[in-house]
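Heads up: the structure comes next, in structure tokens.
The numbers here are math on the coordinates, done by the rules we state, and not lab data. Since this is a predicted model, take the numbers as computed values, not measurements. Don't worry about glycine lacking a Cβ; one is built from the backbone with ideal geometry, like all the others, and counts go over all protein chains shown.
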Amino acid sequence: MNIPQFLINNRRKILLIVLSIIIISTIYSIISMVTKENITVTTPAIEVETLTIKPQDIVKKINTIGSIQYKDKAIISSKVFGRVEKIYVEQGNKVKNGQALARIETYPLELQLKEATAELEKAKANCRLAEEKLMQAERTVEQRLKAIAKSKLELLDKYVTLKNTEDVLKKKEQLFKVGGITETELNSLKTNHHTIKTQFLQAKKDYETLIVGYRDSDIKKAGITIPKNEKDKNNILIQINTAMEKSECDAAKSHVQQVSTQIEIIKTNIKEATIVSPINGTVALRSIDIGEKVTDETNLFVIINTMQVYCIAQINEKDLLHITTNQSVELTVDALGNKKFNGKVTIISPILDQSSRTAEVKILCNNNDSQLRPGMFARASIFTQTIKDAIIIPVSSIKESDTTNVFIIKNNLALQKKVTIQERINEEYALINDGLQEGDIIASSSIKLLYDKAKIKIVRQAQQNKL
């Protein structure tokens, strides 16, 4: 069968097939048009609020809680034994450094002072006497040295005379043997020689007696090297031969010093009998009464300084890395409402509590109006770092899935943009490290409804909060 014949025989079927195809195509086109019209009508623009990115300087801070404590505390006791004579302050009074608080009776001390003063005069008199004895002994030694020098010269002179006499005698004895002189003349010379020799021996004996205590051996015995200079040697001999008088003089001087020290102690005790405050502050406790006997172990007053106070806070170990001394701190106290107090980090404990993993930090705060009282509960914000030109956005404007995204608004469309978060601040804001720049407009509401290139309608342009 050829094709034309086939078409003729099946003309009716072919027409039905073509007509079916046309009808189906028409119906499909109509359905497509209706579907497109429905999408356009049923997908309205998403209403959003927007936020314009504007860099700002932010101050990072660590929030913590603590309690108010006094800065200085002084527990005052008496340094002298006695009865309380007067009390000048009461509990709650403000006092200054050096202000009198109480007085202990001083009558027994004043009697001791009179006795010690009289003893001092006696000691001074004894000291003057000892000094005079020392001076007299030194003069005596000097005279002895002169006498020794004179005796030495006389001894030398007698020795020379003796030698001369011996020489003459020997010569005369030779002459006598040859008949040059008579026996009478020789005997006369022998008598004269004997007399001179006797005088020499007596002078030698006197000299040896005179130098006892003034010999080189005496200097060595005293443990002193013999000076080569005669003057220095004489000074050493004076010291050796006046040692006893000097010791008496030193003892007298020591007694004067001892009594003088005793007088100073008594005067100090009389002065210390007036109890004074060592710090500026407030009398927190008075524990004595007039007439009460006190000792150096009796606590009389407790003074606390509240013109400056500490806020003592416990800081977590991970936050300690960001805290240094002199950092500024803002304090609030629940009991005082919204009033803010300024302080500074002063002391950071080097010891970490093993159980809580925290360290104690002391924040110093002025308290001139005395509103901050020890024991109050306080909230502290420690300012740790200032970041210049930071880009900060609300956490609520971020859409997080596999990546972190925001929606930048352009031509009424929400364009999805990936951003990098450097860190979260105060749990409400995020510091953006990359992905945004000044002037970008981002969606800040309806984030969960938005998708890339979604059509939007701006209902409100919010202002960026200043942190």
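The table that follows gives values for the structure above.
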{"item": "³J(HN,Hα) computed for each position of the stretch 293-306 - Karplus, 6.51 cos²θ - 1.76 cosθ + 1.60, integer Hz, glycine/proline x", "result": "7, 10, 10, 6, 9, 8, 7, 9, 9, 10, 10, 10, 9, 10"}
{"item": "Farthest positive-ward along the chain dipole, Cα basis, beta-carbon charges - from F407, I315, I24", "result": "I24"}
{"item": "Cut-off under 5 Å, modelled amide H: who pairs with S444 long-range", "result": "E49, T50, L51"}
{"item": "Nitroxide proxy distance, nm - points 7 Å out along Cα→Cβ at K114 and N192", "result": "8.3 nm"}
{"item": "Which listed pairs, of K410/K453; K152/K221; K221/K246, have C-alpha distances above 21 Å, in listed order", "result": "K152/K221"}
{"item": "Residue-wise HN-Hα coupling along the stretch 60-74, computed from phi with Karplus coefficients 6.51, -1.76, 1.60 (Hz; x: Gly, Pro)", "result": "7, 8, 10, 8, 8, 10, x, 10, 7, 9, 5, 7, 10, 9, 10"}
{"item": "Long-range amide H partners of Y429 with built H, under 5 Å", "result": "V395"}
{"item": "Size of charge dipole - the stretch 83-160 - debye, nearest 20, with Cβ of Lys, Arg +1 and Asp, Glu -1, no other charges", "result": "220 debye"}
{"item": "Cross-link reach list, lysines versus K71, counting only Cα pairs under 30 Å and skipping chain neighbours closer than eight places", "result": "K60, K61, K79, K86, K94, K96, K271, K318, K339, K340, K344, K362"}
{"item": "Karplus-derived HN-Hα couplings along the stretch 322-337 (A = 6.51, B = -1.76, C = 1.60, θ = phi - 60°), whole Hz, x at Gly and Pro", "result": "9, 10, 9, 5, 6, 5, 6, 9, 10, 10, 9, 10, 3, 5, 10, x"}
{"item": "Extreme residue, positive dipole direction of the chain, given options N433, S370, A137 (C-beta unit charges)", "result": "N433"}
{"item": "Cut-off 13 Å (backbone N to label point 7 Å along Cα→Cβ of A222), residues of the stretch 112-154", "result": "138, 141-142, 145"}
{"item": "Dipole magnitude (debye, nearest 20) for the chain, charges at Cβ of Lys, Arg, Asp, Glu", "result": "1240 debye"}
{"item": "Amide proton proximity set for K71, modelled H, under 5 Å, gap of 5+", "result": "N305, Q308, Y310"}
{"item": "Cβ-based exposure ranking for S247, S151, in which fewest neighbours within 10 Å come first", "result": "S247, S151"}
{"item": "Calculated [θ] (222 nm, deg cm²/dmol) that DSSP helices of n ≥ 4 give over the chain, each run adding -39,500 (n - 2.57)", "result": "-14500 deg cm²/dmol"}
{"item": "Pairs of lysine residues in the stretch 156-208 - Cα separation under 19 Å, sequence separation of 8 or more or cross-chain", "result": "19"}
{"item": "Spin-label model distance (nm) - K170 vs E264, 7 Å beyond Cα toward Cβ", "result": "7.4 nm"}
{"item": "Highest-first arrangement of 102-115, 282-295, where packing means the average Cβ count within 10 Å", "result": "102-115, 282-295"}
{"item": "Check: the stretch 304-386 dipole with +1 on Lys, Arg Cβ and -1 on Asp, Glu Cβ, in debye", "result": "120 debye"}
{"item": "Charge dipole of the chain about the Cα centre (unit charges at C-beta), most positive-ward option of S247, L120, N342", "result": "N342"}
